[in-house]
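Taking it in order: structure first as structure tokens, then the write-up.
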Amino acid sequence: MNPAAAANQKEEFKLKDTKPQLGERWPHGGTRGGGGWISSERATSTYDLVEQMFYLYVRVVKAKDLPTNPVTGTIDPYVEVKLGNYKGKTQHFEKKPNPEWHQVFAFSKEKIQSSILEVFVRDREMVGRDDYIGRVIFDVNEVPTRVPPDSPLAPQWYRLEDRRGDSKVRGEVMLAVWMGTQADEAFPDAWHTDASSVQGEGVFNIRSKVYVSPKLWYLRVNVIEAQDVEPHDKSQLPQAFVKAQVGNQILKTKVCPQKTQNPMWNEDLIFVAAEPFEEQLYLTVENKVTSAKDEVMGRIILPLHIFERRLDHRAVHSKWFNLEKFGFGALEGDKRHELKFSSRIHLRVCLEGAYHVLDESTMYISDQRPTARQLWKNPIGILEVGILSAQGLQTMKNKEGKGSTDAYCVAKYGQKWVRTRTIIESLNPKWNEQYTWEVYDPCTVITLGVFDNNHLGGSGGKNDSRIGKVRIRLSTLETDKIYTHSYPLLVLQPSGLKKMGELQLAVRFTCLSLANMIYLYSHPLLPKMHYLHPFTVNQLDSLRYQAMNIVAVRLGRAEPPLRKEVVEYMLDVDSHMWSMRRSKANFFRIVSLFSGVIAMSKWLGEVCQWKNPITTILVHVLFFILICYPELILPTMFLYMFLIGIWNYRYRPRHPPHMDTKLSWAEVAHPDELDEEFDTFPTSKAQDVIRMRYDRLRSVAGRIQTVVGDMATQGERFLALLSWRDPRATSLFVLFCLVAAVALYVTPFKIMALVAGLYWLRHPRFRSKLPSVPSNFFRRLPSRADSML
């Protein structure tokens, strides 16, 4: 790629400023504002972060007194609304002369091609053309405009006309026709011209919806002990363990080390459960007969709603539960209900309400409130997001021989998910939908993703395709400021980095209480139970995976469903998978962190080498001042950082952060590394490819192994100073410590610091190119590397 093309590509990957016309602007004049527009005096508006879109609304309520077919004696009526080339139809009712539809049609003003709106009432016929019953005609230019927050326009009865419009016919239809915007309450459930080609159940998959994540709880099952458990072979004592299952989650305790009929475990098993509780806790006590064979000795099934909901770290009362005998066959009849002998198990079970159930990574968490609503604090702000449009989207599929994209946007913050309506067959869709969230912590992230809808046929289809994703951290936003930017939608594919388009957003973070917001910065990010009784790293990974699965399943059962592939992409379900590209990116992030330290050490090296004599002399002067007045050292450091912060305020970021291709190491990733990143787990590649990647991984791990070994060697040398592993070296160091202690005791500290500083800043003429004596001594110390196999 030539330099000019590379520069243009880098510009394409950057955030762009936009200046959309936001807010409500109403035509047809008014007393306020000039030029025939009404400007609202309200400080905020429901739709003040989006561009206004006008629609012609037609509400078809019902009909009455419709004439029946003279042949069949019945009527199957439906209504057809026609405006230019666009036609919308209601459902038909069989044998119903007084039908009720309560359906709204919305025609985009930009696509209106006619000044006449026609509403037809027809009789559906099984064979041949549908019979014409009558029609009502409206002049679009005479339609009234409804300005929110006015009440809805009252529908009226209209007499039907014949085909020529000369005379009235039998029958009436109740209609309301008005001009409004997307702020109208009829907008979300209306039939749109944007989706006029969608038929059947596919209509439900294009509407905008708001979803709420299920309320998640951690279920803590403390398995204490069991009594009187009997194996099938009564001549052998059992070696028992407990297996617990909630839904698809299965956990086991350790096997009791002793063979006994009264085993003890005292282990915690943690599950994720969602309200309403549909699963049950299924416990079995099993005997480890052999390494490959387990036998069930008893079981119990407990509904989750019977367990106590704990709001703090106080102890929960334990209970004994009788176990059902397991293994009776059908021929045994009702023996399982006999109470001649009972095994029982001792449990302490509770639903943890003081934890936040993590279903997303803590790196970009959007909610940190505990499960129990009683523990929630008041919100500290409001987040408003206007999802305006997308520009330059790539074609995602072929439809009738030509490329097309049916795009919709999903936003997730806290427990609230929103999904815009789907714009059909458009590479530049305009949604102009606005949503609001309560903010409980500013150090959270909102995630927005754009997808291609593959379920418009109403029957399954393949998964919805990813177009791109945007994350915005709220703490990087200034309060009460509207950010209007176009975010690049970047997607990594096996073929490399690809820009799929741009997403145009308007974002505003409004602060409700500045004092509470500042107060939160001194508090931990997660609820206190995460720190008082923390989970292990392995537990957190497993629980997060289970929580993501539960959220995906529950949202997939909504109508229209928020599909599993969408939820997993928004929650970064595969963020923990191995990636050579991501490993390189994280390594260079660490390198960049130390770049300031490295630059400072280089500068100090130049000072010590007297590269710039004036700078070195000034450093000497500062050093003498700090030696004479050591109480100035800490104030000087903090004053210096204060001045740096004030100086950097002029160059502060003016826009939210976005996906950085250079930081992600995405532009220069090797194709095979990307192919490995997108491989399934377990792998589905050929054996020779796996061998090559394994060898590459071994070489990288070998370098890491060498670095870790070098670090261990330096630490062991430090410990060897006093370990007498090398008796001569330890003798010399102990003697040096004695002399240093006496010298520091009799010599003022200022004198010692002054001598050490002058020696460090000495002129190159008094320096040697050989390593220093302390360095030579340290490198000669022994380490345990000699004992490694």
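The values are calculated or read from the model by the stated rules, or taken from the named source; none is laboratory data. Only a predicted model underlies this, so the values are computations on that prediction, with no experimental measurement involved. Counting neighbours? That spans all protein chains shown, and the Cβs are built from the backbone with ideal geometry, glycine included. Accessible surface areas use protein heavy atoms only, side chains included; no ligands, DNA or RNA. Shrake-Rupley method; radii C 1.70, N 1.55, O 1.52, S 1.80 Å.
Before moving on, here are some points about what is shown:
- Loop-located trypsin sites (Lys or Arg not before Pro) in the range 153-227 (DSSP state not H, G, I, E or B) with no more than 13 neighbouring Cβ atoms inside 10 Å: R163, R164.
- Protein accessible area in the chain, 1.4 Å probe - carbon and sulfur %: 57 percent
- Peptides 269-278, 464-473, 599-608, 777-786 ranked from most to least packed by the mean count of surrounding Cβ atoms within 10 Å: 464-473, 269-278, 777-786, 599-608.
- Other residues within the sphere of radius under 13 Å centred on the Cβ of V418, judged by their own Cβ, net out at +4 (K and R +1, D and E -1).
- Assigned charges on the beta-carbon of Lys, Arg, Asp, Glu; the range 548-612 dipole about Cα centre (debye): 160 debye
- The chain - accessible surface per residue (Å², probe 1.4 Å): 57 Å²
- Total charge dipole magnitude, the chain, about the Cα centre, Cβ charges on Lys, Arg, Asp, Glu only, Debye to nearest 20: 2580 debye
- Local electrostatic count, M363, Cβ distance below 13 Å [Lys/Arg +1, Asp/Glu -1]: +3
- Here the sum of -39500 (n - 2.57) over DSSP H runs of 4 or more residues, divided by the residues of the chain, equals -7500 deg cm²/dmol at 222 nm, to the nearest 500.
- Shown is the FRET efficiency for I482 and S768, computed with R0 = 56 Å from the Cβ-Cβ distance and rounded to the nearest 0.05: 0.30.
- Simple label model, 7 Å out from Cα along Cβ direction - K662 to Y521, nm: 2.8 nm
- For K243, the solvent-accessible surface with a 1.4 Å probe is about 60 Å², rounded to the nearest 10.
- Relative contact order [Cα under 8 Å, 6+ residues apart], the chain, whole percent: 10 percent
- Taking 0.36 nm per residue of sequence separation and removing the Cα-Cα distance, the N776/R159 pair yields an extension gain of 211.6 nm.
- Local electrostatic count, K62, Cβ distance below 14 Å [Lys/Arg +1, Asp/Glu -1]: 0
- You can think of it this way: the chain between T18 and K109 has 30.4 nm of extra reach, that is 0.36 nm per residue less the Cα-Cα gap.
- Hull-based mean projected area of the range 618-754, where the convex hull spans the alpha carbons, in square nanometres: 17.8 nm²
- Rough spin-label spacing in nm, given labels placed 7 Å along Cα→Cβ, for V755 and T730: 2.9 nm
- For the range 553-565, putting each phi into the Karplus relation 6.51 cos²θ - 1.76 cosθ + 1.60 with θ = phi - 60° gives couplings of 5, 5, 5, x, 8, 6, 10, x, x, 8, 6, 4, 5 Hz, in residue order, rounded to whole numbers and with x for Gly and Pro.
- One compactness figure for the chain is 1.31, namely its Cα radius of gyration divided by 2.2 N^0.38 Å.
- The range 729-789: C-alpha gyration tensor shape, a/c 1.5 cut-off, then a/b vs b/c: oblate
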